[in-house]
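See below for the structure under consideration.
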Amino acid sequence: MRGELKIGFDGNPPEFRQKRGSEVRDQKTGEVVREGEMSAQNIAVDRLEWLLAHQRIQTHQHAAGRRLQRDAEQAAQVAYASLSDTLGGSGTNRVSDVRCDAIDRVNDARTHIGSKGWRIIELVALENISLGRAESMMRMGPGGGIGALTTALDTLARHYGLA
C-alpha cells in the first residue's frame, strides 16, 4: 500500500448532522403522535444528503431525488428475492409486480426529465458520483453541473408532484 489509509469512503472524514428518527402520524389529522429519537447521520456517504446539508439543493429537490433513488432500488431487485412470495401457494409474485411498477416509474421519470438532465441525476443521485466528477464526465465547465442538477431535480419534483 502507498502510505497511510485515510478514513471515509472517499478518503474524507465523515461529516455528521443530526437526523430525526421516524415520525408516527395520526391517520385522520396528520399530526405527529410520536417523534423518533435524534441520531447522527454521516452525510458524506450520500451525495443528495451532502448537497442538502450544504444548501446546494432545496428540500423539494432532495425529496424528488430520494424518491427516484427508492424507485431505482426497487427496480434493481433481483428475481430470486421473489421466491419467498411464491412458496406460500398464492401463485402471485408481489415482489416482481413491485419491481415492474418501479421500473415503469423510473422510465417515466427519465422520459419526463430528458436525456441531459437524466444523465446528471443518474450520476449524482443514483451512482453517487460527486458533482465535480459528474461535470467532468459530462464535459461541463466548472460550476455548470449544479445548475443542470437543480434544473433536472426541479423537473423531477414537478413530475412527482412535489413542487
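No lab work stands behind these numbers, since they all come straight from the coordinates. These figures come from a predicted structure and were not determined experimentally. We place every Cβ from the backbone using ideal geometry, glycine too, and count neighbours over all the protein chains shown.
A few comments on the model shown:
- Extension gain, residue 158 back to residue 29 (0.36 nm per residue minus Cα-Cα distance, nm): 43.9 nm
- About the Cα centre, charge dipole magnitude for the range 100-155 (Lys/Arg +1, Asp/Glu -1 at Cβ), debye: 260
- Residue separation of residue 150 and residue 128 scaled by 0.36 nm, minus their Cα-Cα distance, works out to 6.4 nm of gained length.
- Residue 136-residue 112 FRET efficiency (beta carbon distance; Förster radius 30 Å; 0.05 resolution): 0.70
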